[in-house]
1. From the list A:150, A:128, A:166, pick out the single residue that is part of a helix (DSSP H, G or I) and in contact with a helix residue (DSSP H, G or I) (Cβ under 7 Å, 6 or more places away or on another chain).
2. Helices (runs of 4 or more DSSP H) wholly in the range B:61-152 with at least 3 residues that are within 13 Å of chain A (Cβ to nearest Cβ) and surrounded by fewer than 20 Cβ atoms within 10 Å (Cβ to Cβ) - which ones?
3. Taking residue B:189, is it more than 16 Å from ligand 2 (Cβ to nearest atom), in contact with a helix residue (DSSP H, G or I) (Cβ under 9 Å, 6 or more places away or on another chain) and either under 22 Å from residue B:134 (Cβ atoms) or within 14 Å of chain A (Cβ to nearest Cβ) (or both)?
4. Check the range B:177-186 and report whether any residue there is modelled with pLDDT of 95 or more and not in a helix (DSSP H, G or I).
5. Return the residues of the range B:50-60 that are within 15 Å of ligand 1 (Cβ to nearest atom) and either buried (at least 23 other Cβ atoms within 10 Å of the Cβ) or over 21 Å from residue B:246 (Cβ atoms) (or both); say none if nothing qualifies.
6. Going through the range B:196-217 one residue at a time, which ones are surrounded by fewer than 20 Cβ atoms within 10 Å (Cβ to Cβ) and within 16 Å of ligand 2 (Cβ to nearest atom)?
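The values are calculated or read from the model by the stated rules, or taken from the named source; none is laboratory data. For clarity, every value in this text was computed on a predicted model and none was experimentally measured. Heads up, the Cβs are rebuilt from the backbone with ideal geometry, glycines too, and the neighbour counts pull from every protein chain shown.
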Ligand SMILES: Nc1ncnc2c1ncn2[C@@H]1O[C@H](COP(=O)(O)OP(=O)(O)OP(=O)(O)O)[C@@H](O)[C@H]1O
Ligand SMILES: [Mg+2]
């Protein structure tokens, strides 16, 4: 009954990496889009919009990601929607990522000297142009390093999607372990694979930080 | 729209005076009104920053505003292009009321150029791009056209050869001249200067003041917050002294400096002229 941990098992683990990567990619694109909106809202001149965005950030930073995934997954079921685990995980991670990236990028936008806003306003540039041509290009420089840092966090966070039944790397590890009963070996391999995914990103983030100077918060 | 950019002049030709020294032209106070401030009040929270400010500036007039730190000089000129919003009273720029709708604000800001103490050039754009951005985005000019205008103004402030450098590669005086050119590229009807030479090393003050003087000679309507009293004497039609959010005294430079009426003005002038 008990299977050996063979190259077939290893291959199964490695092939599950694509689901980890897919979920990471979807959540990053979603989180980045949402994060940009949250950052704009947080730096808006309208107090109610700032407050709404601040509340959003507080909620998602103040509760465990796992609970957020549960709420999306079981909440959808509760509402009678048949949601598959990938979609639930993607939505949960997107909402969470929007809060974290929104807060990181708010800091980057606010790190741009007030004079840049004033000069572009005085020239008659509209909000959209001011953001796109003046503020964001400068903010992007200080944003890349922490953003790549967040991406590392995100890749690791996708492991929580295993708990709502999405078969990514961690879930694949559980499946292999259930068949082989070699938990230390199996999860050791899983951890190494995560490390191989994340380490280059961490290095890159550190490199970018040195290149652009440290983030002013 | 584009015709506004054709000429070097600013709709005002009397300034072509050949005599550089005698800038103080015949009184312009009867000309068309460019800026009208009536009973303007401005609060920052509970702090009363402008108290019943009344000021009328006619076409081609050169105003210098001075006063101690915190007296509201910056606040006053920043209310004109709505970088700050006043709470009561009325501000009109070239017949358009400031502060009623965002449509009006765009109109006003496009007509009013502003130069800051700290230059505020866009560091990620070249000098030329700094100058062409607003004409392209706000006036809708084609890139070529905007560049031609920008080069003309960069020549005017005597740094055309720096067009493709980044602001960080220029000296303070050069940066401030770029900032002036950038504002001029919008063909503003009014120029506001907020202590444009205060952040400069002494040897660079003159090049910026010369640029401003030449602008004045071309008939630009300008309000300059500055403590350069030599510039005030030579260029201003009117000097205004502010203290504690109020306009305390104003007058032609000859009278203002020779016979200041209020005690506060005398004290202030005593401090800045004798050090
Ligand atoms: N954004 C702001 N919020 C609160 N108070 C402000 C703000 N801007 C200016 N003030 C206050 O309003 C007063 C007038 O400021 P303002 O900058 O107009 O003075 P100023 O005459 O330009 O002084 P300086 O010569 O130092 O530039 C000061 O007491 C200042 O502290
Ligand atoms: Mg000031």
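1. Values: A:128 fails: in contact with a helix residue (DSSP H, G or I) (Cβ under 7 Å, 6 or more places away or on another chain); A:166 fails: part of a helix (DSSP H, G or I).
Exactly one of A:150, A:128, A:166 is part of a helix (DSSP H, G or I) and in contact with a helix residue (DSSP H, G or I) (Cβ under 7 Å, 6 or more places away or on another chain), namely A:150.
2. Details: elements: B:73-80, B:102-111, B:127-137.
So the answer is B:102-111.
3. Working: more than 16 Å from ligand 2 (Cβ to nearest atom): yes; in contact with a helix residue (DSSP H, G or I) (Cβ under 9 Å, 6 or more places away or on another chain): yes; either under 22 Å from residue B:134 (Cβ atoms) or within 14 Å of chain A (Cβ to nearest Cβ) (or both): yes.
Here the answer is yes, as residue B:189 does meet what is asked.
4. Residues of the range B:177-186 that are modelled with pLDDT of 95 or more, as a first pass: B:177-186.
Cutting the leftovers down to not in a helix (DSSP H, G or I) gives us B:185-186.
Taking every residue of the range B:177-186 in turn, at least one turns out to be modelled with pLDDT of 95 or more and not in a helix (DSSP H, G or I).
5. Of everything in the range B:50-60, those that are within 15 Å of ligand 1 (Cβ to nearest atom) and either buried (at least 23 other Cβ atoms within 10 Å of the Cβ) or over 21 Å from residue B:246 (Cβ atoms) (or both) turn out to be B:50, B:53.
6. B:198, B:199
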